[in-house]
2 protein chains.
Amino acid sequence: MPEFLELLPPQEALETLLSHLKAAPHSEEIDTRQAVGRVTAVPVIAPHPLPSFPRSTVDGYAIIAADTYGAGEALPAYLNVAAEVPMGAEAGVELTPGSCALIHTGGMLPSGADAVVMVEYTQSAAANEVEILRAVAVGENVLKVGEDVAAGDEVISAGVRLGAAEIGGLMAIGSTRLAVVRKPRVGIISSGDEVVPPDAALKPGQVRDVNAYTLSALVQDAGGDPLLYGIVPDQYAEMQAVATLAMEECDLVVITAGSSASTRDLTAQVFDALGEPGVLVHGVNVRPGKPTILAVCGGKAMIGLPGNPVSALVIASLFVVPVIHAYLGINKTRPRPSIDARLSINLSSQTGREDWVPVRLVPSPQGYLAEPVFGKSNLIFGLVRAHGLVCIPADANGLAAGEPVRVFIL
Amino acid sequence: MPEFLELLPPQEALETLLSHLKAAPHSEEIDTRQAVGRVTAVPVIAPHPLPSFPRSTVDGYAIIAADTYGAGEALPAYLNVAAEVPMGAEAGVELTPGSCALIHTGGMLPSGADAVVMVEYTQSAAANEVEILRAVAVGENVLKVGEDVAAGDEVISAGVRLGAAEIGGLMAIGSTRLAVVRKPRVGIISSGDEVVPPDAALKPGQVRDVNAYTLSALVQDAGGDPLLYGIVPDQYAEMQAVATLAMEECDLVVITAGSSASTRDLTAQVFDALGEPGVLVHGVNVRPGKPTILAVCGGKAMIGLPGNPVSALVIASLFVVPVIHAYLGINKTRPRPSIDARLSINLSSQTGREDWVPVRLVPSPQGYLAEPVFGKSNLIFGLVRAHGLVCIPADANGLAAGEPVRVFIL
């Protein structure tokens, strides 16, 4: 039996792994309309200002502000309505003192105009004449050219994962094609002589492969491209052959070990044979997931996950997801969404070890209660019943009932 | 100019809309491995228990617990090692008193065995003999048949959106095909005479279509299937024709109005002509997004969104997303992820109106500060710079600097 002589804390283990990575996926140009969830490879620069013309933010009359000085309900200013500004085109008139133009929200200010008065503060007078019932300041109800973005501004930096707002911004400046980072390819190898494909009928002693599919979902969600290499028998030659192929084809290789200690040793041997420096971390001070193996071979990350499905998912979120994000060059300014809750019961843990506990959120008058869902073992349907994970930090020997906790969503 | 005579609060407006919906999308059977993000149409029942055989949770020896009673370091129990349990198969032996079997984590207990002793508490004695250095209770280190799930258990109810854990659970019970709700089809119509496609060169007064693409991203994220109907001129006949087609083909139709009041009126007229009951809500007491239009025609939802891109996204998250979720039958037990922060400055608002303010999260020693990102207008790149939205409830007339707020992630 191997001893886990040196158990690194998860954060330190991750830093060790990341510091040895070399390969960075290339970028590719794609249609921006297909780019949700992708990551910018280079900064995006605005080719022109936004708005590109002075725009009205209200329905009303484009005016020369000076014409309204001193105006009020009792003493309206009378202006001549020279034109109606068409939507999507120039006004076609130039305002002169004493004249104005009917304008709609989003319309382009006529030249000469420097403000817009809302229609609510006007009143029709004679034909082509309007009463202005209040004074208006220069620039009022007008979006200036470049008020959102100036020409040449860096509007989106490199390493940004694109959501709805970013796609909208790119459309606004006409960036319909975009350089994004190629999705990191993540090879997933299942092992364990007891593991059979999900559509197999179970013989006694067999279990279906769960990890390949939970990991695929997690990898896709993190922005990677999962490639499944099937279930490999617990034998060195076969595992070595499949891992070599996966390493050639992928940026990151994950082996979900069979659950026994011997198959974990096999994973470590295979990683060591794949290239320098080989295994960097064998065992992490975290529960679940102690028998995690982290390696780098030829600049690519290799991760050996525990066979238990819950451990595999927790460890993948602690190591596989950050490696994918590192390959993508995602800059880490966005905080991870979570829900604040209070613990429903006391949770004990071992000082020095970081624990991740699946919890269910139960509404209460004082906000959410986080209720640990597990009894004796980490079962996959236990995780299905959970809403997220609570971390008991390494420097605590547990958390007390009622203590505020942050629940990270699965 | 129409008056917004009756401004409903957003929640009441949504309930009015949902109460008139009739159509429910059908279900379809798909490969479970492609089902991430889809929603179960019917409950999933376990066809067999999990685990399906008694499993060891550790590496050690399968034993008859009674053989270890009274055992300890000073007085070990000596057991005959009858076999090694192979992974993925039956042990092929039946334990009799005084015998045990070497077993690996995940291995199947031999018949007769009722507990497992961890290898750490054993020591090799003679050939085929092992010393057990502590007493073990019945059931120790064993997962019983059905301990995760019993045969016939409802393991996932209808209306659950599937994530990695659920996919894993389905694989574990061999559910490789699954009935999911068909994705609701959301027709998106852009309007506004000033609006041109994103790849167009801008003429003075024109802006590129942003809303069709931000909405597409939001609809996909919510579990719907966006269908774009292009940019329709602000004329009744043309809008009516396109909206009729979209209503036939989709479950929900969204028109992003041009920004002027006249195009919003057009949207309302078109909805009223499409079927009973027509427009239910014209104007919602929310900022941004007051000129929202909610209608139901022939049991299908029709939503008129403001033209401003930020307003359109905020309103779509308040109305379009819940309608998609209602069509999908998603049960609302999962809380919405958010980040708790403290407001960086005072924010004023009008009592009676619900305000949604885009904020940026800035780390501070006391946790995150939520910093409103907007100046005078709701600009798309302002939203790009934001991390989420803070809600100022209708019963407040603002929020003070330092007040704790919940930031909903965009």
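Observations on the structure shown:
- For segment A:98-116, the set of residues classified as in a loop (DSSP other than H, G, I, E, B) and of a type outside the set (S, T, N, Q) consists of A:G98, A:H104, A:G106, A:G107, A:L109, A:P110, A:G112, A:A113, A:D114, listed by residue number.
- Taken together, the criteria exclude A:E276 from residues that are farther than 23 Å from A:V314 by Cβ, acidic (D, E), out of contact with any Phe, Trp or Tyr (no Cβ under 6 Å at 6 or more places or on another chain) and touching a residue at least 24 places away in the same chain (Cβ under 8 Å).
- Check on B:L79, over 42 Å from the mean Cα position of the chain (by Cα), at pLDDT 95 or above and within 13 Å of another protein chain (Cβ to nearest Cβ): no
- Each residue in segment B:181-209 was checked for being among the hydrophobic types (A, V, I, L, M, F, W, C) and closer than 30 Å to B:L162 by Cα, and 4 of them qualify.
- Some residue of segment B:91-102 being closer than 25 Å to B:G152 by Cα, over 22 Å from the mean Cα position of the chain (by Cα) and aliphatic (A, V, I, L, M): no
- As a summary of the residue check, B:L75 satisfies the conditions (1) surrounded by fewer than 15 Cβ atoms within 10 Å (Cβ to Cβ); (2) on the phi > 0 side of the Ramachandran plot except for the one numbered (2).
- Residue identified as hydrophobic (A, V, I, L, M, F, W, C) and closer than 23 Å to B:S216 by Cα among A:V145, A:V181, A:V186, A:V149: A:V181
- Number of positions in segment B:114-148 that are closer than 14 Å to B:R55 by Cα and in contact with a Pro (Cβ under 8 Å, 6 or more places away or on another chain): 7
- Restricting segment A:185-198 to residues that are at pLDDT 95 or above and in a loop (DSSP other than H, G, I, E, B), the residue that is farthest from the other protein chains (Cβ to nearest Cβ): A:P197
- The set of residues in segment A:51-70 being aliphatic (A, V, I, L, M) and at pLDDT below 95 consists of A:V58 alone.
- Considering residues of segment B:30-72 that are of a type in the set (G, A, S) and within 14 Å of chain A (Cβ to nearest Cβ) only, the residue surrounded by the most Cβ atoms within 10 Å (Cβ to Cβ): B:A62
- Here B:A301, B:A273 are screened, and the one residue that is hydrophobic (A, V, I, L, M, F, W, C) and over 16 Å from B:V323 (Cβ atoms) is B:A273.
Residues checked against (1) aliphatic (A, V, I, L, M); (2) in a loop (DSSP other than H, G, I, E, B):
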site: A:G37; (1), (2): no, yes
site: A:P47; (1), (2): no, yes
site: A:Y61; (1), (2): no, no
site: A:A66; (1), (2): yes, no
site: A:N80; (1), (2): no, no
site: A:A83; (1), (2): yes, no
site: A:A89; (1), (2): yes, yes
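- Going through (1) more than 22 Å from the chain's Cα centre (by Cα); (2) away from chain A (no Cβ under 14 Å); (3) among the hydroxyl-bearing types (S, T, Y) one by one, B:S27 falls short only on (1).
- Number of positions in segment A:292-327 that are hydroxyl-bearing (S, T, Y) and within 15 Å of the chain's Cα centre (by Cα): 2
Every residue, every condition in (1) in contact (Cβ under 8 Å) with a residue 24 or more places away in the chain; (2) part of a loop (DSSP other than H, G, I, E, B); (3) in the same structural domain as A:A74 (by TED's automatic domain parsing), yes or no:
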site: A:V136; (1), (2), (3): yes, yes, yes
site: A:G139; (1), (2), (3): yes, yes, yes
site: A:Y213; (1), (2), (3): no, no, no
site: A:V219; (1), (2), (3): yes, no, no
site: A:L228; (1), (2), (3): yes, no, no
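- Filtering segment A:130-178 to residues that are among the small types (G, A, S) and within 23 Å of the chain's Cα centre (by Cα) leaves A:S157, A:A158, A:G159, A:G163, A:A164, A:A165, A:G168, A:G169, A:A172, A:S175.
- Search result, residues across segment B:192-214 that are among the polar types (S, T, N, Q) and in contact with an Asp or Glu (Cβ under 6 Å, 6 or more places away or on another chain): B:Q206
- Sole exception among (1) within 11 Å of chain B (Cβ to nearest Cβ); (2) under 23 Å from the mean Cα position of the chain (by Cα); (3) assigned to a loop (DSSP other than H, G, I, E, B); (4) buried (at least 17 other Cβ atoms within 10 Å of the Cβ) for A:I330, by number: (1)
- Scoring B:G278 on the criteria (1) crowded, with 24+ Cβ neighbours inside 10 Å; (2) modelled with pLDDT of 95 or more leaves a single failure, condition (1).
- Residues that are within 20 Å of A:A246 (Cα to Cα) and either assigned to a loop (DSSP other than H, G, I, E, B) or at the interface with chain B (Cβ under 7 Å from one of its Cβ atoms) (or both) occur at least once in segment A:160-183.
- Residues being within 14 Å of another protein chain (Cβ to nearest Cβ) and either among the aliphatic types (A, V, I, L, M) or out of contact with any helix residue (DSSP H, G or I) (no Cβ under 6 Å at 6 or more places or on another chain) (or both) - total across segment B:289-305: 2
- Within segment B:225-239, restricting attention to residues that are surrounded by 14 or more Cβ atoms within 10 Å (Cβ to Cβ) and of a type in the set (A, V, I, L, M, F, W, C), the residue that is nearest to the chain's Cα centre (by Cα) is B:L227.
- Top-ranked residue in segment A:287-297 [being out of contact with any Pro (no Cβ under 9 Å at 6 or more places or on another chain) and in contact (Cβ under 8 Å) with a residue 60 or more places away in the chain; ranked as nearest to A:Q220 (Cα to Cα)]: A:L294
- Candidates B:V232, B:V253, B:V286, B:V219: the one that is under 27 Å from A:G163 (Cα atoms), of a type outside the set (G, A, S), facing chain A (nearest Cβ under 10 Å) and in contact with a strand residue (DSSP E or B) (Cβ under 9 Å, 6 or more places away or on another chain) is B:V219.
- One residue stands out in segment B:364-403 among those that are part of a strand (DSSP E or B), over 29 Å from A:S56 (Cβ atoms) and not polar (S, T, N, Q): the one that is farthest from the other protein chains (Cβ to nearest Cβ), namely B:L399.
- Selection within segment A:385-404 - in contact (Cβ under 8 Å) with a residue 40 or more places away in the chain, under 24 Å from A:L7 (Cβ atoms) and within 25 Å of the chain's Cα centre (by Cα): A:L389, A:V390, A:I392
The values are calculated or read from the model by the stated rules, or taken from the named source; none is laboratory data. It should be emphasised that the depicted structure is a prediction, and the values quoted were computed from it without experimental measurement. Positions of Cβ are generated from backbone atoms using ideal geometry, with glycine treated the same way; all protein chains shown enter the neighbour counts.
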